[in-house]
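S.K.: Encoded as C-alpha coordinates, here's the structure I'll be asking about.
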Amino acid sequence: MYRSRLDGKLDDITLEFLSSISDDSVIATYDILGSQAHTLMLLENKILSKQEATKILDALEKLKENIPEKSEAEDIHELIESLVIKKAGKEAGGKMHTARSRNDQVSLDIRMKIRDDINMVCFCLNQTIETLVNLAEKNQHVIMPLYTHMQQAQVGLFSHFLLAYADALFRDLDRFYTAYGRVNESPLGAGPVGGTSIPIDRQSTAKMLGFKGLIENSIDATTSRDFVAEYLGNASILMTNLSRMAEDFIIWSTSEFSFIELADRFTSTSSVMPQKKNPDVLELIRGKTSQVIGYQMAVLSNLKGLPSGYNRDLQQVKVSIWPTSKILISSLLVVNSLLKTMKVNEKKLRQAIDGGYSISLDIAEALVRKGIPFRNAHKIVGNLVQIASNSKKSLLALSTDEIKNIIHDGEINEKDLYKIIQSTTPEYSLETRKSQGSAGKHEQQHMIDNRKRKVQAYITGTNKRTNEVRESFETLKNNVMSLTKNTS
Ligand code: ARG
(Lines give C-alpha, C1' and ligand atoms only; values in the text may rest on other atoms or scores of the structure.)
Protein backbone atom coordinates (compact mmCIF):
# COMPACT_ATOMS: atom_id res chain seq x y z
CA MET A 1 0.00 0.00 0.00
CA TYR A 2 2.87 2.38 0.71
CA ARG A 3 5.17 1.58 -2.21
CA SER A 4 4.40 4.33 -4.76
CA ARG A 5 8.00 5.51 -4.69
CA LEU A 6 9.29 2.04 -5.46
CA ASP A 7 9.10 -0.11 -8.51
CA GLY A 8 7.58 -3.49 -8.20
CA LYS A 9 6.16 -5.70 -5.48
CA LEU A 10 8.07 -7.54 -2.83
CA ASP A 11 8.57 -11.17 -3.76
CA ASP A 12 7.08 -13.75 -1.42
CA ILE A 13 10.29 -14.67 0.37
CA THR A 14 11.25 -11.04 0.97
CA LEU A 15 7.76 -10.20 2.21
CA GLU A 16 7.84 -13.14 4.59
CA PHE A 17 11.25 -11.95 5.83
CA LEU A 18 10.15 -8.36 6.33
CA SER A 19 6.70 -8.94 7.68
CA SER A 20 5.84 -8.83 11.37
CA ILE A 21 2.24 -9.85 10.72
CA SER A 22 2.57 -13.20 12.49
CA ASP A 23 3.93 -11.49 15.63
CA ASP A 24 1.39 -8.69 15.51
CA SER A 25 -1.82 -10.55 16.32
CA VAL A 26 -1.08 -9.88 20.01
CA ILE A 27 -1.33 -6.12 19.45
CA ALA A 28 -4.12 -6.06 16.85
CA THR A 29 -6.80 -5.00 19.35
CA TYR A 30 -4.57 -2.29 20.79
CA ASP A 31 -3.89 -1.03 17.28
CA ILE A 32 -7.62 -0.73 16.65
CA LEU A 33 -8.25 1.05 19.96
CA GLY A 34 -5.38 3.44 19.24
CA SER A 35 -6.76 4.10 15.77
CA GLN A 36 -10.20 4.80 17.19
CA ALA A 37 -8.82 7.27 19.71
CA HIS A 38 -6.80 8.93 16.96
CA THR A 39 -9.87 9.18 14.73
CA LEU A 40 -12.02 10.65 17.51
CA MET A 41 -9.29 13.20 18.21
CA LEU A 42 -9.10 14.13 14.50
CA LEU A 43 -12.87 14.68 14.62
CA GLU A 44 -12.68 16.75 17.82
CA ASN A 45 -10.15 18.99 16.11
CA LYS A 46 -12.15 19.24 12.89
CA ILE A 47 -9.48 17.45 10.89
CA LEU A 48 -12.11 14.87 9.93
CA SER A 49 -15.80 15.47 9.31
CA LYS A 50 -18.32 13.61 11.41
CA GLN A 51 -19.26 11.48 8.44
CA GLU A 52 -15.66 10.53 7.69
CA ALA A 53 -14.90 9.73 11.30
CA THR A 54 -18.04 7.64 11.64
CA LYS A 55 -17.14 5.55 8.62
CA ILE A 56 -13.64 4.94 9.89
CA LEU A 57 -14.79 4.13 13.42
CA ASP A 58 -17.43 1.75 12.16
CA ALA A 59 -14.90 -0.08 9.98
CA LEU A 60 -12.48 -0.32 12.91
CA GLU A 61 -15.16 -1.60 15.26
CA LYS A 62 -16.13 -4.37 12.84
CA LEU A 63 -12.49 -5.35 12.40
CA LYS A 64 -12.25 -6.19 16.10
CA GLU A 65 -13.85 -9.56 15.50
CA ASN A 66 -12.39 -10.32 12.14
CA ILE A 67 -8.78 -9.66 11.29
CA PRO A 68 -7.44 -11.96 8.57
CA GLU A 69 -4.37 -13.93 9.59
CA LYS A 70 -2.63 -13.90 6.23
CA SER A 71 -2.11 -10.85 4.06
CA GLU A 72 0.32 -9.06 1.83
CA ALA A 73 0.74 -6.29 4.37
CA GLU A 74 4.09 -5.88 6.06
CA ASP A 75 2.54 -5.46 9.47
CA ILE A 76 -0.70 -5.11 11.40
CA HIS A 77 -0.73 -1.32 10.97
CA GLU A 78 -0.69 -1.56 7.19
CA LEU A 79 -3.21 -4.39 7.25
CA ILE A 80 -5.70 -2.54 9.45
CA GLU A 81 -5.37 0.67 7.46
CA SER A 82 -5.88 -1.17 4.19
CA LEU A 83 -8.96 -2.94 5.54
CA VAL A 84 -10.39 0.34 6.82
CA ILE A 85 -9.85 1.93 3.41
CA LYS A 86 -11.53 -1.03 1.79
CA LYS A 87 -14.54 -0.78 4.08
CA ALA A 88 -14.87 2.98 4.58
CA GLY A 89 -13.70 3.99 1.09
CA LYS A 90 -10.62 5.96 0.03
CA GLU A 91 -12.19 9.33 0.78
CA ALA A 92 -12.82 8.64 4.46
CA GLY A 93 -10.56 5.64 5.16
CA GLY A 94 -7.64 7.30 3.40
CA LYS A 95 -7.70 10.03 6.05
CA MET A 96 -7.26 7.78 9.09
CA HIS A 97 -3.47 7.91 8.97
CA THR A 98 -3.39 11.72 8.95
CA ALA A 99 -0.87 13.09 11.45
CA ARG A 100 0.51 9.81 12.71
CA SER A 101 3.01 7.21 11.63
CA ARG A 102 3.56 3.53 12.16
CA ASN A 103 6.50 4.63 14.29
CA ASP A 104 4.40 6.22 17.02
CA GLN A 105 1.71 3.61 16.42
CA VAL A 106 3.85 0.57 17.11
CA SER A 107 5.36 2.11 20.21
CA LEU A 108 1.82 2.89 21.41
CA ASP A 109 0.64 -0.68 20.84
CA ILE A 110 3.61 -2.16 22.69
CA ARG A 111 3.06 0.21 25.61
CA MET A 112 -0.60 -0.74 25.83
CA LYS A 113 0.28 -4.43 25.76
CA ILE A 114 3.01 -4.15 28.41
CA ARG A 115 0.72 -1.99 30.55
CA ASP A 116 -1.87 -4.78 30.63
CA ASP A 117 0.81 -7.40 31.17
CA ILE A 118 2.26 -5.50 34.12
CA ASN A 119 -1.17 -5.32 35.73
CA MET A 120 -1.59 -9.05 35.20
CA VAL A 121 1.90 -9.85 36.54
CA CYS A 122 1.23 -7.65 39.60
CA PHE A 123 -2.08 -9.44 40.13
CA CYS A 124 -0.37 -12.84 40.01
CA LEU A 125 2.50 -11.66 42.21
CA ASN A 126 0.02 -10.38 44.80
CA GLN A 127 -1.64 -13.79 44.86
CA THR A 128 1.62 -15.70 45.21
CA ILE A 129 2.88 -13.40 47.94
CA GLU A 130 -0.41 -13.76 49.82
CA THR A 131 -0.10 -17.53 49.61
CA LEU A 132 3.47 -17.42 50.92
CA VAL A 133 2.51 -15.18 53.84
CA ASN A 134 -0.51 -17.34 54.73
CA LEU A 135 1.65 -20.46 54.60
CA ALA A 136 4.23 -18.74 56.77
CA GLU A 137 1.54 -18.01 59.34
CA LYS A 138 0.64 -21.70 59.48
CA ASN A 139 4.24 -22.86 59.73
CA GLN A 140 5.59 -20.67 62.51
CA HIS A 141 6.23 -23.68 64.72
CA VAL A 142 8.03 -25.79 62.09
CA ILE A 143 11.73 -25.97 62.94
CA MET A 144 14.24 -26.59 60.16
CA PRO A 145 17.93 -26.20 59.43
CA LEU A 146 19.04 -23.15 57.46
CA TYR A 147 21.87 -23.65 55.01
CA THR A 148 24.86 -21.81 53.64
CA HIS A 149 27.05 -23.55 51.04
CA MET A 150 24.32 -26.21 51.17
CA GLN A 151 25.70 -27.19 54.60
CA GLN A 152 23.65 -26.85 57.76
CA ALA A 153 24.20 -23.37 59.17
CA GLN A 154 21.67 -22.34 61.83
CA VAL A 155 18.46 -23.52 63.36
CA GLY A 156 15.52 -21.77 61.72
CA LEU A 157 11.82 -21.81 61.04
CA PHE A 158 9.96 -22.78 57.88
CA SER A 159 7.86 -19.61 58.18
CA HIS A 160 11.04 -17.54 58.06
CA PHE A 161 12.04 -19.23 54.81
CA LEU A 162 8.65 -18.59 53.22
CA LEU A 163 8.76 -14.95 54.31
CA ALA A 164 12.17 -14.60 52.68
CA TYR A 165 10.65 -15.66 49.35
CA ALA A 166 7.75 -13.28 49.93
CA ASP A 167 10.10 -10.37 50.53
CA ALA A 168 12.07 -11.07 47.35
CA LEU A 169 8.80 -11.21 45.42
CA PHE A 170 7.71 -7.93 47.02
CA ARG A 171 10.75 -6.28 45.47
CA ASP A 172 9.84 -7.83 42.12
CA LEU A 173 6.32 -6.57 42.57
CA ASP A 174 7.57 -3.10 43.34
CA ARG A 175 9.88 -3.09 40.31
CA PHE A 176 6.94 -3.88 38.01
CA TYR A 177 4.66 -1.54 39.91
CA THR A 178 6.92 1.46 39.49
CA ALA A 179 7.91 0.57 35.92
CA TYR A 180 4.19 0.92 35.09
CA GLY A 181 4.44 4.69 35.48
CA ARG A 182 7.16 4.85 32.82
CA VAL A 183 5.21 2.59 30.45
CA ASN A 184 1.91 4.37 30.93
CA GLU A 185 2.78 7.43 28.82
CA SER A 186 1.48 7.93 25.31
CA PRO A 187 3.78 8.24 22.29
CA LEU A 188 0.81 8.70 19.92
CA GLY A 189 1.00 11.81 17.77
CA ALA A 190 4.80 11.90 17.74
CA GLY A 191 4.56 11.08 14.05
CA PRO A 192 7.47 9.49 12.22
CA VAL A 193 10.08 11.31 14.35
CA GLY A 194 9.58 15.07 14.36
CA GLY A 195 5.85 15.66 14.91
CA THR A 196 3.28 17.16 12.53
CA SER A 197 1.94 20.47 11.25
CA ILE A 198 -1.64 19.22 11.52
CA PRO A 199 -3.29 20.68 14.65
CA ILE A 200 -3.67 17.46 16.63
CA ASP A 201 -4.21 17.14 20.37
CA ARG A 202 -1.89 14.53 21.82
CA GLN A 203 -3.24 14.98 25.34
CA SER A 204 -6.69 14.03 24.14
CA THR A 205 -5.65 10.66 22.64
CA ALA A 206 -3.51 9.95 25.70
CA LYS A 207 -6.51 10.53 27.94
CA MET A 208 -8.86 8.47 25.77
CA LEU A 209 -6.47 5.52 25.98
CA GLY A 210 -6.07 5.79 29.75
CA PHE A 211 -2.48 7.07 29.75
CA LYS A 212 -1.29 9.23 32.61
CA GLY A 213 0.63 11.56 30.30
CA LEU A 214 2.80 11.82 27.20
CA ILE A 215 6.21 10.65 26.10
CA GLU A 216 6.60 14.25 25.08
CA ASN A 217 9.66 14.46 22.84
CA SER A 218 8.74 12.99 19.46
CA ILE A 219 12.24 11.58 18.82
CA ASP A 220 12.22 9.90 22.21
CA ALA A 221 8.66 8.66 21.75
CA THR A 222 9.41 6.87 18.48
CA THR A 223 12.98 5.73 19.16
CA SER A 224 13.05 4.55 22.76
CA ARG A 225 12.39 1.02 23.87
CA ASP A 226 14.06 1.34 27.27
CA PHE A 227 10.66 0.59 28.77
CA VAL A 228 10.83 -2.82 27.08
CA ALA A 229 14.35 -3.42 28.39
CA GLU A 230 13.12 -2.43 31.85
CA TYR A 231 10.15 -4.78 31.67
CA LEU A 232 12.32 -7.66 30.53
CA GLY A 233 14.97 -6.83 33.14
CA ASN A 234 12.31 -6.98 35.84
CA ALA A 235 11.08 -10.21 34.30
CA SER A 236 14.56 -11.75 34.41
CA ILE A 237 15.01 -10.81 38.05
CA LEU A 238 11.58 -12.14 38.99
CA MET A 239 12.25 -15.42 37.19
CA THR A 240 15.64 -15.68 38.87
CA ASN A 241 13.92 -15.39 42.25
CA LEU A 242 11.32 -18.00 41.30
CA SER A 243 14.10 -20.21 40.01
CA ARG A 244 15.86 -20.12 43.37
CA MET A 245 12.65 -21.12 45.08
CA ALA A 246 12.21 -23.89 42.51
CA GLU A 247 15.74 -25.13 43.14
CA ASP A 248 15.17 -25.21 46.93
CA PHE A 249 11.95 -27.16 46.45
CA ILE A 250 13.55 -29.60 44.00
CA ILE A 251 16.21 -30.40 46.57
CA TRP A 252 13.73 -30.56 49.42
CA SER A 253 11.46 -32.95 47.57
CA THR A 254 14.21 -35.54 46.93
CA SER A 255 13.75 -38.74 48.93
CA GLU A 256 17.03 -37.92 50.68
CA PHE A 257 15.68 -34.64 52.03
CA SER A 258 11.90 -35.23 51.99
CA PHE A 259 11.30 -31.84 53.62
CA ILE A 260 8.29 -31.27 51.40
CA GLU A 261 6.10 -33.35 49.17
CA LEU A 262 4.58 -31.89 46.03
CA ALA A 263 0.97 -32.75 45.26
CA ASP A 264 0.72 -35.49 42.62
CA ARG A 265 -1.00 -33.20 40.17
CA PHE A 266 2.03 -30.92 40.09
CA THR A 267 4.51 -33.68 39.35
CA SER A 268 5.32 -35.87 36.36
CA THR A 269 6.42 -39.45 36.06
CA SER A 270 8.67 -41.51 33.84
CA SER A 271 7.84 -43.48 30.73
CA VAL A 272 9.98 -46.30 31.99
CA MET A 273 10.64 -46.03 35.75
CA PRO A 274 7.29 -46.60 37.39
CA GLN A 275 8.33 -45.28 40.80
CA LYS A 276 9.13 -41.77 39.59
CA LYS A 277 7.55 -38.62 40.91
CA ASN A 278 9.49 -35.84 39.25
CA PRO A 279 9.30 -32.10 39.99
CA ASP A 280 9.12 -31.18 36.27
CA VAL A 281 7.09 -28.05 36.93
CA LEU A 282 9.86 -26.67 39.12
CA GLU A 283 12.53 -27.71 36.65
CA LEU A 284 10.66 -25.82 33.95
CA ILE A 285 10.63 -22.70 36.12
CA ARG A 286 14.43 -22.95 36.08
CA GLY A 287 14.48 -23.71 32.35
CA LYS A 288 12.12 -20.89 31.42
CA THR A 289 14.17 -18.50 33.54
CA SER A 290 17.08 -19.02 31.14
CA GLN A 291 14.75 -18.31 28.25
CA VAL A 292 13.58 -15.02 29.76
CA ILE A 293 17.17 -13.95 30.45
CA GLY A 294 17.84 -14.70 26.78
CA TYR A 295 14.96 -12.47 25.70
CA GLN A 296 16.34 -9.63 27.79
CA MET A 297 19.78 -10.06 26.21
CA ALA A 298 18.20 -10.09 22.75
CA VAL A 299 16.51 -6.75 23.41
CA LEU A 300 19.50 -5.03 24.98
CA SER A 301 21.84 -6.11 22.20
CA ASN A 302 19.28 -4.96 19.62
CA LEU A 303 19.03 -1.51 21.20
CA LYS A 304 22.65 -0.82 22.00
CA GLY A 305 23.81 -0.16 18.45
CA LEU A 306 20.86 1.71 17.01
CA PRO A 307 20.97 5.36 16.03
CA SER A 308 18.11 7.63 17.10
CA GLY A 309 14.87 7.54 15.15
CA TYR A 310 12.92 4.44 14.14
CA ASN A 311 14.97 1.59 12.66
CA ARG A 312 13.43 -1.62 11.47
CA ASP A 313 15.58 -3.63 13.90
CA LEU A 314 13.05 -2.48 16.50
CA GLN A 315 10.50 -4.81 14.96
CA GLN A 316 12.41 -7.73 16.52
CA VAL A 317 12.07 -6.25 20.02
CA LYS A 318 8.41 -7.22 20.07
CA VAL A 319 9.05 -10.93 19.76
CA SER A 320 10.87 -11.01 23.07
CA ILE A 321 7.96 -9.45 24.95
CA TRP A 322 5.01 -11.72 24.26
CA PRO A 323 6.59 -15.04 25.32
CA THR A 324 8.15 -13.37 28.37
CA SER A 325 4.76 -12.22 29.64
CA LYS A 326 3.32 -15.66 29.04
CA ILE A 327 6.14 -17.30 30.97
CA LEU A 328 5.85 -14.84 33.87
CA ILE A 329 2.12 -15.25 34.25
CA SER A 330 2.03 -19.03 33.86
CA SER A 331 5.02 -19.48 36.20
CA LEU A 332 3.37 -17.42 38.92
CA LEU A 333 0.04 -19.21 38.55
CA VAL A 334 1.66 -22.61 38.72
CA VAL A 335 3.93 -21.72 41.66
CA ASN A 336 0.94 -20.36 43.54
CA SER A 337 -1.04 -23.60 43.13
CA LEU A 338 1.99 -25.71 43.90
CA LEU A 339 2.59 -23.82 47.15
CA LYS A 340 -1.02 -24.20 48.19
CA THR A 341 -0.99 -27.96 47.71
CA MET A 342 2.46 -29.04 48.87
CA LYS A 343 2.89 -30.94 52.12
CA VAL A 344 5.45 -29.89 54.70
CA ASN A 345 7.13 -32.80 56.43
CA GLU A 346 7.66 -31.40 59.93
CA LYS A 347 9.21 -34.59 61.25
CA LYS A 348 11.88 -34.76 58.57
CA LEU A 349 12.76 -31.11 59.01
CA ARG A 350 13.17 -31.63 62.72
CA GLN A 351 15.21 -34.84 62.26
CA ALA A 352 17.59 -32.95 60.02
CA ILE A 353 18.36 -30.62 62.92
CA ASP A 354 18.89 -33.45 65.35
CA GLY A 355 21.32 -35.16 63.00
CA GLY A 356 23.46 -32.07 62.44
CA TYR A 357 25.34 -29.36 64.29
CA SER A 358 23.30 -26.32 63.32
CA ILE A 359 22.82 -25.54 67.01
CA SER A 360 26.56 -24.66 67.31
CA LEU A 361 26.27 -20.89 67.02
CA ASP A 362 23.49 -20.84 69.59
CA ILE A 363 25.76 -22.69 72.06
CA ALA A 364 28.58 -20.26 71.30
CA GLU A 365 26.22 -17.34 71.96
CA ALA A 366 25.14 -18.93 75.24
CA LEU A 367 28.84 -18.87 76.20
CA VAL A 368 29.06 -15.24 75.11
CA ARG A 369 26.19 -14.48 77.48
CA LYS A 370 28.36 -15.97 80.23
CA GLY A 371 31.01 -13.38 79.45
CA ILE A 372 33.31 -15.49 77.25
CA PRO A 373 34.70 -13.57 74.27
CA PHE A 374 33.07 -14.73 71.04
CA ARG A 375 36.37 -15.87 69.47
CA ASN A 376 37.00 -18.16 72.43
CA ALA A 377 33.43 -19.43 72.42
CA HIS A 378 33.75 -20.15 68.68
CA LYS A 379 36.88 -22.17 69.39
CA ILE A 380 35.31 -24.15 72.26
CA VAL A 381 32.26 -25.10 70.22
CA GLY A 382 34.39 -25.87 67.16
CA ASN A 383 36.35 -28.33 69.29
CA LEU A 384 33.13 -29.82 70.66
CA VAL A 385 31.82 -30.39 67.13
CA GLN A 386 35.12 -31.95 66.14
CA ILE A 387 35.06 -34.57 68.87
CA ALA A 388 31.32 -35.22 68.44
CA SER A 389 31.63 -35.59 64.71
CA ASN A 390 34.71 -37.84 65.01
CA SER A 391 32.72 -40.21 67.18
CA LYS A 392 29.60 -39.73 65.02
CA LYS A 393 27.36 -38.44 67.75
CA SER A 394 25.37 -35.34 68.50
CA LEU A 395 26.60 -32.55 70.79
CA LEU A 396 23.89 -33.61 73.26
CA ALA A 397 25.48 -37.04 73.54
CA LEU A 398 28.90 -35.74 74.66
CA SER A 399 29.81 -36.73 78.21
CA THR A 400 31.41 -34.36 80.74
CA ASP A 401 34.64 -36.37 80.40
CA GLU A 402 34.74 -35.79 76.67
CA ILE A 403 33.95 -32.14 77.18
CA LYS A 404 36.71 -31.79 79.73
CA ASN A 405 39.32 -32.74 77.12
CA ILE A 406 38.66 -29.66 75.07
CA ILE A 407 38.68 -27.09 77.87
CA HIS A 408 42.14 -25.64 78.36
CA ASP A 409 41.99 -22.09 79.61
CA GLY A 410 39.56 -22.41 82.52
CA GLU A 411 37.02 -19.90 81.21
CA ILE A 412 34.29 -22.43 81.88
CA ASN A 413 34.19 -25.81 83.57
CA GLU A 414 32.93 -28.99 81.92
CA LYS A 415 29.80 -29.22 84.08
CA ASP A 416 28.61 -25.74 83.13
CA LEU A 417 29.42 -26.34 79.49
CA TYR A 418 27.55 -29.66 79.64
CA LYS A 419 24.53 -27.86 81.10
CA ILE A 420 24.63 -25.23 78.41
CA ILE A 421 24.77 -27.86 75.68
CA GLN A 422 21.86 -29.75 77.20
CA SER A 423 19.69 -26.67 77.64
CA THR A 424 20.38 -25.12 74.25
CA THR A 425 17.61 -26.91 72.42
CA PRO A 426 16.42 -25.72 69.01
CA GLU A 427 13.21 -24.52 70.66
CA TYR A 428 15.12 -22.57 73.27
CA SER A 429 17.41 -21.10 70.61
CA LEU A 430 14.50 -19.82 68.60
CA GLU A 431 12.95 -18.40 71.77
CA THR A 432 16.12 -16.45 72.49
CA ARG A 433 16.91 -15.42 68.89
CA LYS A 434 16.03 -11.74 69.17
CA SER A 435 17.52 -9.71 66.32
CA GLN A 436 15.07 -8.03 63.97
CA GLY A 437 14.18 -10.19 60.96
CA SER A 438 15.83 -13.27 62.42
CA ALA A 439 14.45 -16.79 62.57
CA GLY A 440 13.47 -16.00 66.20
CA LYS A 441 10.05 -17.21 67.22
CA HIS A 442 8.87 -13.74 68.18
CA GLU A 443 10.04 -12.19 64.94
CA GLN A 444 7.64 -14.15 62.76
CA GLN A 445 4.21 -12.77 63.59
CA HIS A 446 5.14 -9.13 63.26
CA MET A 447 6.71 -9.79 59.84
CA ILE A 448 3.59 -11.71 58.83
CA ASP A 449 1.28 -8.90 59.96
CA ASN A 450 3.39 -6.28 58.23
CA ARG A 451 3.54 -8.24 54.93
CA LYS A 452 -0.20 -8.85 55.03
CA ARG A 453 -0.85 -5.12 55.21
CA LYS A 454 1.72 -4.44 52.53
CA VAL A 455 0.26 -6.88 50.03
CA GLN A 456 -3.22 -5.41 50.57
CA ALA A 457 -1.90 -2.00 49.55
CA TYR A 458 -0.50 -3.44 46.31
CA ILE A 459 -3.75 -5.32 45.65
CA THR A 460 -5.73 -2.08 46.00
CA GLY A 461 -3.29 -0.23 43.74
CA THR A 462 -3.25 -2.94 41.08
CA ASN A 463 -7.05 -3.15 41.01
CA LYS A 464 -7.32 0.61 40.71
CA ARG A 465 -4.98 0.70 37.74
CA THR A 466 -6.69 -2.22 36.03
CA ASN A 467 -10.04 -0.48 36.46
CA GLU A 468 -8.70 2.80 35.14
CA VAL A 469 -7.57 1.14 31.92
CA ARG A 470 -10.84 -0.79 31.60
CA GLU A 471 -12.94 2.32 32.22
CA SER A 472 -11.05 4.34 29.64
CA PHE A 473 -11.66 1.60 27.05
CA GLU A 474 -15.35 1.50 28.00
CA THR A 475 -15.65 5.26 27.57
CA LEU A 476 -13.84 5.04 24.25
CA LYS A 477 -16.21 2.31 23.11
CA ASN A 478 -19.24 4.35 24.18
CA ASN A 479 -17.96 7.35 22.26
CA VAL A 480 -17.41 5.20 19.19
CA MET A 481 -20.85 3.66 19.57
CA SER A 482 -22.67 6.94 19.96
CA LEU A 483 -21.32 7.95 16.55
CA THR A 484 -21.71 4.63 14.76
CA LYS A 485 -24.94 3.23 16.21
CA ASN A 486 -27.07 4.37 13.28
CA THR A 487 -24.67 2.96 10.70
CA SER A 488 -25.31 -0.50 9.15
N1 ARG B 1 6.27 -3.49 11.81
C2 ARG B 1 6.99 -2.41 12.38
C3 ARG B 1 7.43 -2.78 13.76
O4 ARG B 1 6.94 -3.69 14.30
C5 ARG B 1 6.10 -1.22 12.47
C6 ARG B 1 6.76 0.08 12.25
C7 ARG B 1 7.25 0.20 10.89
N8 ARG B 1 7.72 1.49 10.62
C9 ARG B 1 8.52 1.74 9.55
N10 ARG B 1 8.88 2.95 9.40
N11 ARG B 1 8.90 0.80 8.75
O12 ARG B 1 8.30 -2.18 14.33
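S.K.: When only residues in the stretch 327-363 that are over 30 Å from the mean Cα position of the chain (by Cα) and of a type in the set (S, T, N, Q) count, which is surrounded by the fewest Cβ atoms within 10 Å (Cβ to Cβ)?
M.R.: Top of the filtered list is Q351.
S.K.: Taking the condition small (G, A, S), away from the ligand (no atom under 16 Å from the Cβ) and either surrounded by 18 or more Cβ atoms within 10 Å (Cβ to Cβ) or in a helix (DSSP H, G or I) (or both), does A28 pass?
M.R.: On the way: small (G, A, S): yes; away from the ligand (no atom under 16 Å from the Cβ): no; either surrounded by 18 or more Cβ atoms within 10 Å (Cβ to Cβ) or in a helix (DSSP H, G or I) (or both): yes.
No; evaluated as a whole, the condition is false for this residue.
S.K.: If I ask for residues that are open to solvent by less than 10 Å² (accessible area, probe 1.4 Å), away from the ligand (no atom under 16 Å from the Cβ), touching a Leu at 6+ places or on another chain (Cβ under 9 Å) and of a type in the set (A, V, I, L, M, F, W, C), which ones from the stretch 101-128 would you list?
M.R.: V121, C122, C124, L125
S.K.: Next question, about the same structure. Determine, yes or no, whether L135 is within 25 Å of the chain's Cα centre (by Cα) and in contact (Cβ under 8 Å) with a residue 40 or more places away in the chain. Break it down stepwise before answering.
M.R.: Values: within 25 Å of the chain's Cα centre (by Cα): yes; in contact (Cβ under 8 Å) with a residue 40 or more places away in the chain: yes.
So L135 passes the test.
S.K.: As an exercise: evaluate I372 against (1) in contact with a helix residue (DSSP H, G or I) (Cβ under 7 Å, 6 or more places away or on another chain); (2) surrounded by 15 or more Cβ atoms within 10 Å (Cβ to Cβ) and give the number of the one condition it does not meet.
M.R.: I372 satisfies all of (1) in contact with a helix residue (DSSP H, G or I) (Cβ under 7 Å, 6 or more places away or on another chain); (2) surrounded by 15 or more Cβ atoms within 10 Å (Cβ to Cβ) except (1).
S.K.: If you go through the stretch 265-293, how many residues are of a type outside the set (S, T, N, Q) and more than 26 Å from S325 (Cβ to Cβ)? Before you say what the answer is, go through the steps one by one.
M.R.: Start the filter on the stretch 265-293 by keeping residues that are of a type outside the set (S, T, N, Q), which leaves 265-266, 272-274, 276-277, 279-288, 292-293.
If we keep only those that are more than 26 Å from S325 (Cβ to Cβ) as well, we get 272-274, 276-277.
Number of matching residues: 5.
S.K.: All but one of (1) more than 16 Å from the ligand (Cβ to nearest atom); (2) under 30 Å from L282 (Cβ atoms); (3) open to solvent by 20 Å² or more (accessible area, probe 1.4 Å) hold for I387; which doesn't?
M.R.: Unmet condition: (2).
S.K.: Then there's this: Can you say whether L48 is touching a helix residue (DSSP H, G or I) at 6+ places or on another chain (Cβ under 8 Å) and under 28 Å from I114 (Cα atoms), as far as the supplied structure shows? If you could, list the steps in order and put the result at the bottom.
M.R.: Details: touching a helix residue (DSSP H, G or I) at 6+ places or on another chain (Cβ under 8 Å): yes; under 28 Å from I114 (Cα atoms): no.
Taking the combined requirement at face value, the residue does not satisfy it.
For (1) over 27 Å from T14 (Cα atoms); (2) within 16 Å of the ligand (Cβ to nearest atom); (3) open to solvent by 40 Å² or more (accessible area, probe 1.4 Å); (4) not small (G, A, S), each residue gets a yes or a no:
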residue	(1), (2), (3), (4)
I32	no, yes, no, yes
N45	yes, no, yes, yes
Q51	yes, no, yes, yes
T54	yes, no, no, yes
D58	yes, no, no, yes
E65	yes, no, yes, yes
E91	yes, no, yes, yes
K95	yes, no, yes, yes
A99	yes, yes, no, no
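S.K.: Can you give me the number of residues within the stretch 181-214 that are more than 16 Å from the ligand (Cβ to nearest atom) and open to solvent by 10 Å² or more (accessible area, probe 1.4 Å)?
M.R.: Kept after step one, since they are more than 16 Å from the ligand (Cβ to nearest atom), are these residues of the stretch 181-214: 181-186, 197-214.
Still in the list and also open to solvent by 10 Å² or more (accessible area, probe 1.4 Å): 181-182, 185, 197-204, 207-208, 210-214.
Residues that pass the stated criteria total 18.
Here is a yes/no grid of residues against (1) surrounded by 13 or more Cβ atoms within 10 Å (Cβ to Cβ); (2) among the small types (G, A, S); (3) in contact with an Asp or Glu (Cβ under 8 Å, 6 or more places away or on another chain):
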residue	(1), (2), (3)
S394	yes, yes, yes
K404	yes, no, yes
G410	no, yes, no
K415	no, no, no
T425	yes, no, no
L430	yes, no, no
S438	yes, yes, no
N450	no, no, no
F473	yes, no, no
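S.K.: Moving to a separate point now. Which ones in the stretch 67-87 are open to solvent by 20 Å² or more (accessible area, probe 1.4 Å), modelled with pLDDT of 95 or more and among the β-branched types (V, I, T)?
M.R.: I85
S.K.: Moving on to the next point. Looking for something more than 30 Å from A377 (Cα to Cα), surrounded by 15 or more Cβ atoms within 10 Å (Cβ to Cβ), basic (K, R) and at pLDDT 95 or above - is there at least one such residue anywhere in the stretch 280-289?
M.R.: Yes, the stretch 280-289 has at least one match.
S.K.: When the residues of the stretch 137-176 are narrowed to those that are more than 19 Å from I118 (Cα to Cα), out of contact with any strand residue (DSSP E or B) (no Cβ under 6 Å at 6 or more places or on another chain) and of a type in the set (G, A, S), which ends up surrounded by the most Cβ atoms within 10 Å (Cβ to Cβ)?
M.R.: S159
S.K.: Identify the residue in the stretch 307-326 that is closer than 19 Å to V292 by Cα and surrounded by fewer than 19 Cβ atoms within 10 Å (Cβ to Cβ) and, among all such residues, is nearest to the ligand (Cβ to nearest atom).
M.R.: The initial filter retains those residues of the stretch 307-326 that are closer than 19 Å to V292 by Cα, namely 314-326.
Add one more test, that the residue is surrounded by fewer than 19 Cβ atoms within 10 Å (Cβ to Cβ), and what stays is 315-316, 319, 322-323, 326.
On the way: Q315: 4, Q316: 8, V319: 9, W322: 12, P323: 16, K326: 19 Å.
Residue satisfying both the conditions and the ranking: Q315.
S.K.: Still on this structure, I have one more. Within the group V344, V281, V272, which residue is touching a Phe, Trp or Tyr at 6+ places or on another chain (Cβ under 7 Å), over 24 Å from H160 (Cβ atoms) and away from the ligand (no atom under 16 Å from the Cβ)? Break it down stepwise before answering.
M.R.: Details: V344 fails: over 24 Å from H160 (Cβ atoms); V272 fails: touching a Phe, Trp or Tyr at 6+ places or on another chain (Cβ under 7 Å).
Just a single option satisfies the conditions, and that option is V281.
S.K.: Are any residues in the stretch 73-89 within 16 Å of the ligand (Cβ to nearest atom) and touching a Lys or Arg at 6+ places or on another chain (Cβ under 6 Å), and if so, which ones?
M.R.: Passing the criteria: only H77.
The values are calculated or read from the model by the stated rules, or taken from the named source; none is laboratory data. The model shown is predicted, which means the values in this text are computed figures rather than measured ones. Quick reminder, even Gly has a Cβ in these numbers, built from the backbone with ideal geometry, and neighbours come from all protein chains shown. Each accessible area value is taken on the protein alone, full model and side chains, heavy atoms only, with ligands, DNA and RNA left out. Shrake-Rupley method; radii C 1.70, N 1.55, O 1.52, S 1.80 Å.
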